[in-house]
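*Asks:* Sending over a structure as structure tokens; questions will come in a sec.
FYI, it's all coordinate maths here, none of it is from the lab. Everything quoted here is computed from the prediction, not taken from an experiment. As a convention, Cβ positions derive from the backbone with ideal geometry for all residues, glycine included, and neighbour counts pool all protein chains shown.
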Amino acid sequence: MTRFFRSMRTFRFLPVLSLAALLSGQETVSFTGGEEMQKKVQNSLVSISCKAKGITYGYRRWMDRGTSTGAGVFISKDGLIVTAYSLVASPETITVKMADGKQSGATLVGFDPFIDVAVIKLNSGEAPDMLAFDTTDSITADAVAIAGGFREGNAPTLIPITVSRLGRMGIGIAYIENFIQFSADVVPEDLGGPLIDQSGNIVGVNVMTGTKRAGVGLTVPASMVRASFASISQGGKVQYPFLGVYVRELRNIKDFNYPAEGLPQEGLFVLGVPDDSPAKNAGINFGDAIIEVNGVAVTSYSDMYQALAGKAVGDQTSVVLLRKGSRMQATVALAERPLLPVFNIPNFCRLFLGFDVGKETISPTHTAYTVKKVYFFGAKKKEGPYGEGDYIVQIAPGKPYGVPEPIRENAQMAALIYPDSIVLDDSEYGLDLFFAKRPDQFGSRAVFQGSMKKISF
């Protein structure tokens with residue numbers, strides 16, 4: 001399926017406004033269609049309450065997932081609603097509340113987890129009104145738009161905002177990133193609500209709340225939602241092509257401890273390559289710098305998106321890279337993007353924890369892991385130092401109930417690190433590692449937490 005991507009624009013940041021403050025009535029909403037359009041928009045908004053089935057992921061975590069509340073918007077008379085996938089993932093029950101107070105159960109129809117968008121449908125009844133997706137893709141930085149939501153127990157909420165940036169990438173909250181950014185908090189109850197232009201068209205779906213990034217709202221553009229909608233509204237699957245590289249922009253690397261010799265000033269540094277990925281099979285390795293794809297110069301994440309735009313699973317892709325100063329070319333057959341690629345231990349440690357690991361056989365039943373090259377300090381909170389030559393003596397995955405265990409063998413290390421034991425939910429990981437100068441010591445503790453959604457192509 002052809003993907004639509006918009007290149008990054010010049011922008012300026014506007015003063016951050018809290019949506020809670022805007023609710024005080026200091027700001028007013030204005031539609032070109034006047035009060036009639038405002039009423040249509042309000043009647044199209046819904047509140048969504050989703051009780052998730054199962055328990056939370058994580059090592060020794062047996063907690064009920066609980067209920068989440070967010071928003072959505074009707075896009076068809078027969079009750080199709082667009083919202084955020086993270087709101088309705090793995091639902092046990094979905095309840096929709098409409099502007100007139102009526103409630104109905106709903107069913108998950110389809111979803112695109114890579115852009116965090118889903119479609120649900122009322123189990124009974126019709127939509128009182130509906131909105132259409134914008135097809136012009138004409139939203140610009142500094143444009144005025146309206147963030148639509150639905151606060152529990154209140155009327156539908158319309159908040160005027162100003163777009164601060166287009167093509168927002170590189171923040172690791174979704175697998176495919178190309179967000180519209182606006183400078184205002186979106187409260188969790190408004191997750192999945194629409195961003196609407198002054199003509200009443202849906203220009204995006206709000207997928208980021210101020211709980212993670214205060215003062216910033218992020219919206220999946222309508223162009224990306226439209227590209228997925230034809231499939232997910234029929235319960236189908238969206239396929240994204242995957243090169244198989246996890247990267248960082250060279251021009252923005254400030255905390256990376258890697259020899260600069262032979263690296264270009266601009267390009268994408270290959271930080272991780274999953275086993276059996278197309279890139280791995282084509283000979284692309286950690287430390288390579290991608291500088292050109294399909295004849296297009298690559299200096300940023302945006303360039304990479306543009307170079308791969310329109311490509312499909314199975315297409316041949318030409319990649320030019322620099323390896324220790326030498327120019328090389330690889331031809332890669334794009335595969336289908338997996339939701340969570342399974343890494344081996346060295347790849348996981350380098351990409352998520354910031355260091356390479358080595359192995360030592362202490363006894364027939366005891367394999368020790370040591371810290372080799374440290375590329376960046378990945379611990380969110382350090383309670384003790386760690387560095388090259390230190391042993392990983394204990395691991396406590398899956399906070400808050402992880403119990404420290406000594407590392408004794410390869411299989412144990414692999415099982416504790418990835419993939420099931422440390423994932424706190426579908427997007428975050430957390431674990432404590434204990435480092436010591438000798439394998440028989442208790443060690444000092446470092447806490448690692450972060451997003452599983454690293455920038456990848």
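*Asks:* Checking the a/c ratio against 1.5 first, then a/b against b/c, what shape does the Cα gyration tensor give for segment 274-415?
*Replies:* Details: a/c = 2.24, a/b = 2.11, b/c = 1.06.
Prolate shape, in that a/c is at least 1.5 and a/b is the bigger ratio.
*Asks:* Under 5 Å between amide H atoms, partner at least 5 residues away or on a different chain: which partners does GLY204 have, H built in plane at 1.01 Å?
*Replies:* LEU195, ALA222
*Asks:* Under 5 Å between amide H atoms, partner at least 5 residues away or on a different chain: which partners does TYR375 have, H built in plane at 1.01 Å?
*Replies:* Here PHE355, ASP356 satisfy the definition.
*Asks:* Still on this structure, I have one more. Can you tell me how segment 212-287 classifies by the Cα gyration tensor, rounded, prolate or oblate, using a/c under 1.5 as the rounded cut? Could the numbers behind the result be given before it?
*Replies:* Numbers: a/c = 3.18, a/b = 1.51, b/c = 2.11.
Oblate is the answer for segment 212-287, as a/c is 1.5 or above yet b/c matches or exceeds a/b.
*Asks:* Next question, about the same structure. Of LYS40/LYS97; LYS51/LYS121; LYS254/LYS373; LYS77/LYS237; LYS237/LYS280; LYS372/LYS437, which sit over 19 Å apart, Cα to Cα?
*Replies:* Correct reply: LYS77/LYS237; LYS237/LYS280.
*Asks:* Taking the Cα centre of segment 236-294 as origin, work out the dipole magnitude from +1 charges on Lys and Arg Cβ and -1 charges on Asp and Glu Cβ, in debye rounded to 20. Please list the in-between numbers first.
*Replies:* Working: 5 positive and 8 negative charges, 43 e Å.
Here segment 236-294 has a charge dipole of around 200 debye.
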